[in-house]
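Enquirer: Sharing a structure, written as structure tokens. Questions coming.
The values are calculated or read from the model by the stated rules, or taken from the named source; none is laboratory data. Predicted model only: the values in this text are computed from it and were never measured. Every residue, glycine as well, gets a Cβ built from its backbone with ideal geometry; the counts of neighbours run over all protein chains shown. The accessibility values were calculated without ligands, DNA or RNA, using every heavy atom of the protein model including side chains. Shrake-Rupley method; radii C 1.70, N 1.55, O 1.52, S 1.80 Å.
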Amino acid sequence: MILSLDHAGGAIKIDVLTSKRAKRLRLVSGINGVQAIVPPDYRVEELESFVSAKRDWIIKTSRYYIRLKERCGGGHEPGTIYFLGSKYRFHIVRDRQRSAVVSDAMKVITFHVTDRRKYKEEMQEWYKEQTGKIISERLPALAARLNLQYNKVSIKSQRSRWASCSKKGNLNFNLLLAAAPREVIDYVIIHELMHLIEMDHSIRFWQLVKEADPDYKKHKEWLTSYAPVIKIG
Ligand SMILES: [Zn+2]
């Protein structure tokens with residue numbers, strides 16, 4: 001079912017999704033539009049009054065995501081990758097040695113690869129090196145500023161997480177993190193460092209993150225919005 005919310009700027013479509021796990025009505029706004037998550041036994045009138053009570057929020061967030069979608073092209077475009085928050089076209093060139101040349105002015109990255117069929121693996125290696133370089137600079141600096149001590153650090157291919165912190169204080173970072181803007185990478189580092197104090201996402205945890213990164217909400221949103229377009233290839 002789809003609800004439509006009319007306002008001065010046009011109509012906003014709201015996808016209604018039934019979930020057995022939903023205990024109450026909930027609205028989610030994101031790059032793919034607005035969704036209402038409802039329990040199987042919901043009443044349409046209840047949903048309609050809920051939507052009209054949240055009208056301002058729906059208009060505000062969907063405008064934000066429409067603008068964001070325009071900026072990031074509305075989905076992953078083949079032949080493009082993200083690096084430090086910007087979109088680059090990439091070219092694959094066969095060569096005897098592996099290297100990559102980044103042209104900031106042209107927004108093009110040329111990957112020199114030894115085997116064209118394995119270019120994705122070589123791009124992954126390149127991302128891992130870039131992320132490793134940034135983490136090795138920013139992590140010690142931020143940990144020193146926050147007076148926190150971590151254990152081991154690794155840069156890995158992680159499907160659904162940007163980073164994680166273990167009970168032993170080991171930090172893992174997703175090798176694709178170099179796709180994000182520098183301030184967003186800093187946020188991810190701060191987030192994991194704060195897990196050294198608070199393991200879960202409690203109110204206190206978010207307060208600590210906010211103290212270290214007052215713009216953390218914006219940075220967190222960047223990751224949510226861009227996650228679908230950050231891919232290799
Ligand atoms: Zn966390």
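Enquirer: Restricting to the range 82-107, name every residue that is under 22 Å from the mean Cα position of the chain (by Cα) and surrounded by 12 or more Cβ atoms within 10 Å (Cβ to Cβ).
Expert: 82, 83, 84, 85, 87, 88, 89, 90, 107 - these are the residues of the range 82-107 that are under 22 Å from the mean Cα position of the chain (by Cα) and surrounded by 12 or more Cβ atoms within 10 Å (Cβ to Cβ).
Enquirer: Next question. From the list 231, 220, which one is under 21 Å from residue 76 (Cβ atoms) and within 14 Å of the ligand (Cβ to nearest atom)?
Expert: Numbers: 231 fails: within 14 Å of the ligand (Cβ to nearest atom).
Just one listed residue meets the conditions, 220.
Enquirer: Working only within the range 130-139, note down all residues that are more than 16 Å from the ligand (Cβ to nearest atom) and either among the aliphatic types (A, V, I, L, M) or surrounded by fewer than 13 Cβ atoms within 10 Å (Cβ to Cβ) (or both). If you could, list the steps in order and put the result at the bottom.
Expert: Within the range 130-139, the subset more than 16 Å from the ligand (Cβ to nearest atom) is 130-138.
Answer for the range 130-139, where residues must be more than 16 Å from the ligand (Cβ to nearest atom) and either among the aliphatic types (A, V, I, L, M) or surrounded by fewer than 13 Cβ atoms within 10 Å (Cβ to Cβ) (or both): 133, 134, 135, 136, 137.
Enquirer: With respect to residue 136, determine if the residue is outside the structural domain of residue 33 (by TED's automatic domain parsing) and of a type in the set (S, T, N, Q).
Expert: Numbers: outside the structural domain of residue 33 (by TED's automatic domain parsing): yes; of a type in the set (S, T, N, Q): yes.
The answer is yes for residue 136.
Enquirer: Against the conditions (1) modelled with pLDDT of 95 or more; (2) within 11 Å of the ligand (Cβ to nearest atom); (3) surrounded by fewer than 20 Cβ atoms within 10 Å (Cβ to Cβ), where does residue 194 fall short? Just the number, please.
Expert: Among (1) modelled with pLDDT of 95 or more; (2) within 11 Å of the ligand (Cβ to nearest atom); (3) surrounded by fewer than 20 Cβ atoms within 10 Å (Cβ to Cβ), residue 194 violates only (3).
Enquirer: What are the residues in the range 141-152 that are closer than 22 Å to residue 219 by Cβ and either open to solvent by 60 Å² or more (accessible area, probe 1.4 Å) or not assigned by TED's automatic domain parsing to the domain that holds residue 177 (or both), if any?
Expert: Residues of the range 141-152 that are closer than 22 Å to residue 219 by Cβ, as a first pass: 141-148, 150.
Those that are closer than 22 Å to residue 219 by Cβ and either open to solvent by 60 Å² or more (accessible area, probe 1.4 Å) or not assigned by TED's automatic domain parsing to the domain that holds residue 177 (or both): 144, 145, 147, 150.
Enquirer: What are the pairs, 6+ residues apart or on separate chains, where a residue within the range 200-225 that is farther than 14 Å from residue 65 by Cβ has its Cβ under 6 Å from a residue that is in a helix (DSSP H, G or I) and among the charged types (D, E, K, R)?
Expert: Close Cβ pairs satisfying both conditions: 216/210.
Enquirer: Oh, and also: Among the numbered criteria (1) away from the ligand (no atom under 16 Å from the Cβ); (2) modelled with pLDDT of 95 or more; (3) closer than 28 Å to residue 91 by Cα, which one does residue 180 miss?
Expert: Against the list (1) away from the ligand (no atom under 16 Å from the Cβ); (2) modelled with pLDDT of 95 or more; (3) closer than 28 Å to residue 91 by Cα, residue 180 comes up short only on (1).
Enquirer: Return yes or no: is residue 211 more than 19 Å from residue 134 (Cβ to Cβ) and either open to solvent by 80 Å² or more (accessible area, probe 1.4 Å) or within 12 Å of the ligand (Cβ to nearest atom) (or both)? Steps first, answer last, please.
Expert: Details: more than 19 Å from residue 134 (Cβ to Cβ): yes; either open to solvent by 80 Å² or more (accessible area, probe 1.4 Å) or within 12 Å of the ligand (Cβ to nearest atom) (or both): yes.
Yes: the conditions hold for residue 211.
Enquirer: Output the residues belonging to the range 168-186 that are touching a residue at least 24 places away in the same chain (Cβ under 8 Å), closer than 19 Å to residue 146 by Cβ and open to solvent by 10 Å² or more (accessible area, probe 1.4 Å).
Expert: Within the range 168-186, 182, 183, 186 meet the criteria.
Enquirer: Could we say that residue 153 is under 19 Å from residue 226 (Cβ atoms) and at pLDDT 95 or above here? I'd like the intermediate steps shown before the answer.
Expert: On the way: under 19 Å from residue 226 (Cβ atoms): no; at pLDDT 95 or above: yes.
The answer is no for residue 153.
Enquirer: Residue by residue through the range 80-96, note down the ones that are within 15 Å of residue 121 (Cα to Cα) and not charged (D, E, K, R).
Expert: If the condition is that a residue be within 15 Å of residue 121 (Cα to Cα) and not charged (D, E, K, R), then 81, 90, 91, 92, 93 are the ones that fit.
Enquirer: Do we find that residue 62 is part of a helix (DSSP H, G or I), outside the structural domain of residue 188 (by TED's automatic domain parsing), open to solvent by less than 80 Å² (accessible area, probe 1.4 Å) and at pLDDT 90 or above in this structure? Steps first, answer last, please.
Expert: Working: part of a helix (DSSP H, G or I): yes; outside the structural domain of residue 188 (by TED's automatic domain parsing): yes; open to solvent by less than 80 Å² (accessible area, probe 1.4 Å): yes; at pLDDT 90 or above: no.
Judged against the criteria, residue 62 is not a match.
Enquirer: Look through 79, 30 and report the one residue that is open to solvent by less than 30 Å² (accessible area, probe 1.4 Å), under 27 Å from residue 223 (Cα atoms) and out of contact with any strand residue (DSSP E or B) (no Cβ under 8 Å at 6 or more places or on another chain).
Expert: Working: 79 fails: out of contact with any strand residue (DSSP E or B) (no Cβ under 8 Å at 6 or more places or on another chain).
Result: 30 is the single residue among 79, 30 that is open to solvent by less than 30 Å² (accessible area, probe 1.4 Å), under 27 Å from residue 223 (Cα atoms) and out of contact with any strand residue (DSSP E or B) (no Cβ under 8 Å at 6 or more places or on another chain).
Enquirer: Scan the range 108-124 for residues that are surrounded by 12 or more Cβ atoms within 10 Å (Cβ to Cβ) and touching a helix residue (DSSP H, G or I) at 6+ places or on another chain (Cβ under 9 Å) and report the count.
Expert: 6
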